[in-house]
Each structure stands twice: as structure tokens, then as C-alpha cells.
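Colleague: This structure is in C-alpha cells; I'll ask about it shortly.
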Amino acid sequence: MSNASRIQLSPVEKALYYAVRLLARMDSYAGHGNAFLAPEVSVWMLEQIKPSLMKPLHEVGKIGELIRLLHHYNSLRETAEEMRHRDFYENSPTDEIDDDFLTLHAVARALARGIWKCDDNTASKSIKLVMHDWTLRHQDEQTPWEPPMRWVDVLAKFAPGTHLPRVLKADLETSDAIDTRLTPVLSTALTHARQQLLACDSSGYHAFWNKVYNFALGEWLTVDLPEVAAQILANKSSGLYFDSIGAYVLQMRVAERFWRGLTAPVRALLLGMNDEPEALRLIGVNVRAGGIQESEAVACATRIWKMLKRRATAGDELASELAYSNEPNAVVESIRADQNSNTNFYLIDIDALPHSLRHLTDERYCLVVRLPEQWLGAKNALATQSGVHCFAVPNDRKLSLSIGCAFVCNFDKLWPDLFRFRRSIPVLHVFENQCILAFHQFNHFADLRELNRQVATRGFRHAMSKHEHPGSDVLLDEDSTTNLANASRPVPAFFDNFVDFSTPLDKSLSEAYLAENPGTR
């Protein structure tokens, strides 16, 4: 499009044009749903990344006019989103490709169909002019709709992880004040539950709170604070305990929805601020614009701010270094003496580990495997935190699970006891004269849901052999187990039998709740 044919926009309309493109790009960052920014927050964002555009508006007092235009443009976005959903469900999937987020194409279609209603003629005219200008520019192959590279560079400057405040982890794992009307026993139990949930709320899971279920917290309480769990049972307070957890989870789901709507660029900008009260104020503006009542706005904004900081600082929570021990240990010696240790894998209490290793994790259980000695030559590979993966092997009806790259085990045998783990899976690798402890990434609520989904939909990975390196494209033959010396890394061991040395899990709290509420699942 030539300069002569370009539409002439006023300074305020130029700022709106930039904001429109910015919001469109941010929708692609939002994951599930779209970006949600109150007009005042959008203006603040523009001031951070495009001050040259905003300074003239401040000088002539036009910021209020821009806020008014953004308010009406947000209503157009809502109309376009409703239209997009309606079109998606009414039309055949082959009729039109849906981008799974709101695009400027959809906004332009909503305007073209005349379904948007605006009671401010001046605002309507400016918005239509800006969208018409975008349409003309988009038609020109020389000016694609994507923001110019300098705009992308600015966003990259504020990418997540660039500006992380120095904060105490404990401060981010504290929650709202517990209701003072609750008994001390329930207060202690609910504080424990909230701390456990917040510790699980890490950066890799953007829809974490929708995956939380309550009964796990009862089992963890019984393990960590058995005397408190016993008092709840004696007082017949399991219903109030689990219902209170559920109410808190609902509050955090609301906070997570607003956290997601801010999108990664705005979250990064907020993290880069040196003014925490101002960051909280801006988040408060956003939640009020999103329909949160004034009585809840401050608490909701605080939850979002803590979530933002907690997830930004959660990056590498697991130590990548291995821990070694050669001290005498009864459980380790019994596993070494087990004639079936080449096919057995074991579950033990953390307190059964060699003494020097027990303090390295807050998990309560540990998997133990007896590995071939050849793995000592590739021991650094034991530290890879590849997480838990489910896969199937042709002509084998059994599913397999890999944890890290050193071993594979029978899915059905391990699955029930995966529920014991919370935020990591400690694995003790036993050798003839040494033990090596490694920690593998795991999120109880997110990973168990994902594994269950994979099994239900048969969306798990398919491998050529149980001895394929999990997470690798390198396939090894069954015969390669006899030729380890020639392999760059030993092949994974396969364990088919499960031996439980751990303390039995007490499910009395959840069972009591189910007895009182038989319709609950």
C-alpha cells in the first residue's frame, strides 16, 4: 500500500492501532482463552513498550480519550469472540480453520457483519477507521499483519525470566488468612493443604488449578500431621475440611484465569516493576474490570500477584546434581541380596534411605531400582529430569512407564503408587558398592491427569522396544542388552514386578467424607 493511499489517523487513533495489534498478538500468548486487559492496563502497557507514542497524548491530555476507545474496542472483542465460537460450533470443521484464539480477522468479520453495537458514534467511527486501516495494510503482501520486528524485539526484552525479583520462596507459598471461626485443628489442616497446593503450583502448568482434586490433600495430611488428621476424624470434621479446600481451589481458579488473561508479556512487564504497590493496583484494576466484587478485589489481586511471582521463580526447583552414598543400609542390602532385583522395582519410605540422603527431599517415598553396573559409566545421565512418560510396545498388551532414561517399569504395577508422590519422584539407583539418588520432575495433579488422559485416549507414545531410550529418537534392538560395552549409553533396564516396602497409605479422611457424602466421586 502506497503512502498516498494510507488512511490518516489521529495521534489517539495511531495509539489505538498499535494497541489493537498488540492485543491481537497477546491473544496468541494466552493459552486457553484470550488476553484480558482493562483499558487502563492496556495504556500502562503501551507506556512501557512504546513511550514515544504515548508521550504526546499525555502532553495534550488525550489519555482519557484513548481509554474510552479501548473500552469500546474491548466490547467489540467480546462480540467477535462470541461470533467466533458460534461459527465454530455451527459450521463443519472443514469450513474454516479456527486459530483457537481471537484474531484480527475475526474482529474484522464481526465489524463487517454489523453485529457489534456501540452507543458512542465517535468511538465507533475511530475503531472502524483503525480496523479498515489494518485491513488495507494486511492486504498488502509487503506489510503482513504481524507486528514489525522492532515490536517483537521489545517483547523479547521483557520475556518471562528476564526480570525476576528476589523473593523468599516461603513468602510465595503463603495464602490468604484462614477463617478465624475455624477450630485450631482445622486451621492447621487447611494451612497445610494450602501450602502443599501452592508448592505444587509451578511454572510449567498454566491450567494447574483446574486439575486439583481434594482427596490427595487428606492423604498428605495423614502422612505429615497424623495427629491433626486423627482429630479431624474424631471431631467428624472431614466434610468441613474437604469443603474448605474446595472453596479455596475455586478462588485460585479465578486467580489463574486472570493470571492467564494478563499473558506472558504483561506478566513479564509487571515482574520488571520496582513498585509492588503499583503492580498490585494495576492487577486490581484488571480484576474489577473482569467482574470481581470490590469486597474480593484486593484478595484476588494479591493471589494473582503471588502466583505471578511464584511461577516466575519456579523454573529449576529440582537439583540437577546427583547425591551419592556408600554407607551401610538395611533396605539397600536386602535389595542387593534379592535374587529378583533385576526384574523388581521397590517403593520405600524416605526414612528408609541411607541417612545422608534423607534430608534432600520433602517427598515421603522413594523408588528404588537395582541397575546394571555399566550404568556407573553413564551415571551423569541418571540426573536427566525427563519426567514420567507412558508408552506402548507393539505386540505387548502391557503399558510401560519410564522415569528418567535408566529404566522402564510395568505401568499397571506402578500406577497406583504414583499417587504417593507430590512434586518430584526420588529414585535411588543401587549398585554393588554405591547408591545414587536422583530426582525427576513430577507434578502430582498435572502429570497424573495427563497420564490418565493418554491411557484413556491411547495418546501415549509408541516404541519399538522396551529398551528404547525414553525421550530419544535412538532405537535399540533387544539384542543390544548383551552388547552394552559397544553402546554409547547402557540401554534402560526393565522392571516388571513391584515390591512395596513402604508404610501403607491411610485413606481414612477421604473414606469418612465419602461415607458422609455418598454421591461424591
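Colleague: So, in region 413-425, of the ones that are without any contact (Cβ under 8 Å) to a residue 40 or more places away in the chain and among the hydrophobic types (A, V, I, L, M, F, W, C), which residue ends up nearest to Ser202 (Cα to Cα)?
Modeller: So the residue we want is Leu418.
Condition check ((1) over 23 Å from Ser202 (Cα atoms); (2) crowded, with 21+ Cβ neighbours inside 10 Å) across all residues:
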{"site": "Leu270", "(1), (2)": "no, yes"}
{"site": "Pro277", "(1), (2)": "yes, no"}
{"site": "Val285", "(1), (2)": "yes, no"}
{"site": "Glu321", "(1), (2)": "no, no"}
{"site": "Ile335", "(1), (2)": "yes, yes"}
{"site": "Ala352", "(1), (2)": "yes, no"}
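Colleague: Here is a further query. Only one residue in Asn410, Asn452, Asn380 is among the polar types (S, T, N, Q) and in contact (Cβ under 8 Å) with a residue 60 or more places away in the chain. Which one?
Modeller: Values: Asn452 fails: in contact (Cβ under 8 Å) with a residue 60 or more places away in the chain; Asn380 fails: in contact (Cβ under 8 Å) with a residue 60 or more places away in the chain.
Unique residue meeting the criteria: Asn410.
Colleague: Looking at (1) buried (at least 19 other Cβ atoms within 10 Å of the Cβ); (2) in contact with a Ser or Thr (Cβ under 8 Å, 6 or more places away or on another chain); (3) modelled with pLDDT of 50 or more, which is the one condition that is false for Gln434?
Modeller: (1)
Colleague: Turning to a different aspect of this structure: Is there any pair with a first residue in region 193-213 that is within 14 Å of Ser244 (Cα to Cα) and a second that is part of a helix (DSSP H, G or I) and aliphatic (A, V, I, L, M) whose Cβ atoms are under 6 Å apart and which are 6 or more apart or on different chains, and what are they?
Modeller: Pairs that qualify, where the first residue is within 14 Å of Ser244 (Cα to Cα) and the partner is part of a helix (DSSP H, G or I) and aliphatic (A, V, I, L, M), are Ala193/Leu217; Ala193/Ile245; Val212/Val249.
Colleague: Quick test of your reading of the structure: Asp133 fulfils all but one of (1) farther than 19 Å from Leu22 by Cα; (2) of a type outside the set (A, V, I, L, M); (3) at pLDDT 75 or above. Name the failing condition by number.
Modeller: (1)
Colleague: Within region 418-425, identify whether any single residue is crowded, with 18+ Cβ neighbours inside 10 Å, touching a Ser or Thr at 6+ places or on another chain (Cβ under 9 Å), within 27 Å of Arg449 (Cα to Cα) and modelled with pLDDT of 95 or more, and answer yes or no.
Modeller: Kept after step one, since they are crowded, with 18+ Cβ neighbours inside 10 Å, are these residues of region 418-425: 418, 420-425.
When the remaining residues are screened for being touching a Ser or Thr at 6+ places or on another chain (Cβ under 9 Å), the result is 420, 423-424.
With the extra rule that they be within 27 Å of Arg449 (Cα to Cα), the set shrinks to 420, 423-424.
Applying the additional criterion that residues be modelled with pLDDT of 95 or more yields 420.
Yes, because at least one residue in region 418-425 is crowded, with 18+ Cβ neighbours inside 10 Å, touching a Ser or Thr at 6+ places or on another chain (Cβ under 9 Å), within 27 Å of Arg449 (Cα to Cα) and modelled with pLDDT of 95 or more.
Colleague: If a residue has to be among the charged types (D, E, K, R), part of a loop (DSSP other than H, G, I, E, B) and under 21 Å from Asp417 (Cβ atoms) to count, how many in region 319-360 make the cut?
Modeller: Total meeting the criteria: 1.
Colleague: While we're here: Of all the residues that make up region 223-262, how many are closer than 18 Å to Thr503 by Cα and buried (at least 21 other Cβ atoms within 10 Å of the Cβ)? Show your work before the answer.
Modeller: As a first pass, look at region 223-262 and keep what is closer than 18 Å to Thr503 by Cα: 223-227, 229-230.
After this cut, where a residue has to be buried (at least 21 other Cβ atoms within 10 Å of the Cβ) as well, the list is 229.
Total satisfying the criteria: 1.
Colleague: Would you check which residues across region 258-277 are over 21 Å from His71 (Cα atoms), assigned to a helix (DSSP H, G or I) and out of contact with any Pro (no Cβ under 9 Å at 6 or more places or on another chain) and list them?
Modeller: Matches in region 258-277: Leu269, Leu270, Pro277.
Let's see how each residue does on (1) hydrophobic (A, V, I, L, M, F, W, C); (2) more than 38 Å from the chain's Cα centre (by Cα); (3) farther than 15 Å from Asp87 by Cα:
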position	(1), (2), (3)
Leu102	yes, no, no
His105	no, no, no
Arg109	no, no, no
Ala112	yes, no, no
Ile115	yes, no, no
Asp119	no, yes, yes
Thr122	no, yes, yes
Lys128	no, no, yes
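Colleague: Scan region 209-241 for residues that are among the aromatic types (Phe, Trp, Tyr) and modelled with pLDDT of 95 or more and jot them down.
Modeller: Step one: list which residues in region 209-241 are among the aromatic types (Phe, Trp, Tyr), which gives 209, 213, 215, 220, 241.
Trp209, Trp220, Tyr241, listed by residue number.
Colleague: Just to be sure before I move on: is Leu428 free of Cβ contacts under 8 Å to residues at least 60 places away in the same chain and in a strand (DSSP E or B) in the structure I sent? Step through it out loud before you land on a result.
Modeller: On the way: free of Cβ contacts under 8 Å to residues at least 60 places away in the same chain: no; in a strand (DSSP E or B): yes.
Answer is no for this residue.
Colleague: Right, another one. Tell me, please, whether a residue that is in a loop (DSSP other than H, G, I, E, B), among the polar types (S, T, N, Q) and touching a residue at least 40 places away in the same chain (Cβ under 8 Å) can be found in region 311-318. Let's see the steps before the verdict.
Modeller: So the first thing to find is which residues in region 311-318 are in a loop (DSSP other than H, G, I, E, B), and the list is 313-318.
Next, only the ones that are among the polar types (S, T, N, Q) stay: 313.
Next, only the ones that are touching a residue at least 40 places away in the same chain (Cβ under 8 Å) stay: 313.
Within region 311-318 (the criterion being in a loop (DSSP other than H, G, I, E, B), among the polar types (S, T, N, Q) and touching a residue at least 40 places away in the same chain (Cβ under 8 Å)), the answer is yes, since at least one residue qualifies.
Colleague: Do the conditions hold for Leu102, that is, is it at pLDDT 90 or above, out of contact with any Lys or Arg (no Cβ under 6 Å at 6 or more places or on another chain) and either surrounded by 13 or more Cβ atoms within 10 Å (Cβ to Cβ) or closer than 24 Å to Gly290 by Cα (or both)? Step through it out loud before you land on a result.
Modeller: On the way: at pLDDT 90 or above: no; out of contact with any Lys or Arg (no Cβ under 6 Å at 6 or more places or on another chain): yes; either surrounded by 13 or more Cβ atoms within 10 Å (Cβ to Cβ) or closer than 24 Å to Gly290 by Cα (or both): yes.
Answer is no for this residue.
Colleague: Condition test on Glu363, is it in contact with a Cys (Cβ under 9 Å, 6 or more places away or on another chain) and in a loop (DSSP other than H, G, I, E, B)? Steps first, please.
Modeller: On the way: in contact with a Cys (Cβ under 9 Å, 6 or more places away or on another chain): no; in a loop (DSSP other than H, G, I, E, B): yes.
In short, no.
Colleague: Which residues, taken from region 283-297, are within 24 Å of the chain's Cα centre (by Cα) and either over 16 Å from His71 (Cβ atoms) or among the charged types (D, E, K, R) (or both)? Can you show your working first?
Modeller: The initial filter retains those residues of region 283-297 that are within 24 Å of the chain's Cα centre (by Cα), namely 283-284, 286-287, 290, 292, 297.
Matches in region 283-297: Ile283, Gly284, Val287, Ile292, Ala297.
Colleague: Of all the residues that make up region 30-66, how many are under 14 Å from Tyr17 (Cα atoms) and polar (S, T, N, Q)?
Modeller: 1
The values are calculated or read from the model by the stated rules, or taken from the named source; none is laboratory data. Every value quoted in this text rests on a predicted model; they were computed, and no experiment measured them. Reconstructed Cβ throughout: ideal geometry from the backbone, glycine too, with neighbour counts over all protein chains shown.
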